[in-house]
1. In whole Hz, with x marking every Gly and Pro, tabulate ³J(HN,Hα) for segment 126-133 from phi via Karplus 6.51 cos²θ - 1.76 cosθ + 1.60, θ = phi - 60°.
2. Please identify every one of the trypsin sites (Lys or Arg not before Pro) in segment 47-142 that sits in a loop by DSSP and has no more than 13 other beta carbons within 10 Å of its own beta carbon.
3. Could you please put Val126, Val100, Val10 in sequence from largest to smallest accessible area, using a 1.4 Å probe?
4. Can you give the accessible area per residue of the chain, in Å², using a 1.4 Å probe?
5. Two decimals, Cα atoms only, Kirkwood Rh: what is Rg/Rh over the chain?
6. With an 8 Å cut-off on Cα pairs and a minimum separation of 6 or more residues, tell me the relative contact order of segment 29-106 in percent.
7. Only Cα pairs under 8 Å and at least 6 apart count here; give the relative contact order of the chain as a rounded whole percent.
8. For segment 41-84, with all protein chains present and a 1.4 Å probe, just round the carbon and sulfur fraction of the accessible area to a whole percent.
Amino acid sequence: MTDAAPAIFVAIEGSAFAAAVRQSPYAYMAANVAHILSLMVFFGAVAVMDLRLAGFFPTTWPGSLLRRARLLAILGFIGLVASGSVLFVAEASHIVLNTVFQVKLALIGLGLINIVWFEYFIADQVRDLQPHTPLPGNARFVGVTSLAIWFAVAACGRLIAYF
């Protein structure tokens, strides 16, 4: 399988760091646990934000809730990237060819595009709304879309091991 992978990924897998991850009795396991914990932080924060955008928690100030949850989402995402990178390097030449991994990366890209879309085109319409004020339809759409995307990312992440 490694001879079909692009050379850069064979080189990544052959690096001293990747070898250390594979040979350590704790590194891969610790990265796996860190990935799950980071996913919990990230998805918990994203779920709160997206559910608010979808119309749930109407007694909360959207701007305040989004601002507070965003920090946790960013921290969780950083943890996911860091721990996911460790998991990836250990088997880079195999994982890069995995169709489910490729779909996961595409969905992450779509999720990030959704965030940018919200920040540039919708956030200003939502930040200063009072509690119980109906949210714009486009905010609801972005929230529901985001939830669906990040659920699919998590599902793909779990399915990588089986394909």
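1. Running phi through 6.51 cos²θ - 1.76 cosθ + 1.60 with θ = phi - 60° gives 10, 3, 9, 6, 7, x, 6, 7 Hz.
2. Arg127
3. Final ranking, largest accessible area leading: Val10, Val100, Val126.
4. About 58 Å² of surface per residue is accessible.
5. Rg divided by Rh gives 1.07.
6. That works out to 42 percent.
7. Contact order relative to length: 34 percent.
8. 80
The values are calculated or read from the model by the stated rules, or taken from the named source; none is laboratory data. Since the structure is predicted, the reported quantities are computational estimates derived from the model, not experimental observations. Backbone-built Cβ (ideal geometry, glycine too); neighbour counts: all protein chains shown. For the accessible areas, the whole protein counts, side chains as well, though only heavy atoms, and no ligand, DNA or RNA atoms are used. Shrake-Rupley method; radii C 1.70, N 1.55, O 1.52, S 1.80 Å.
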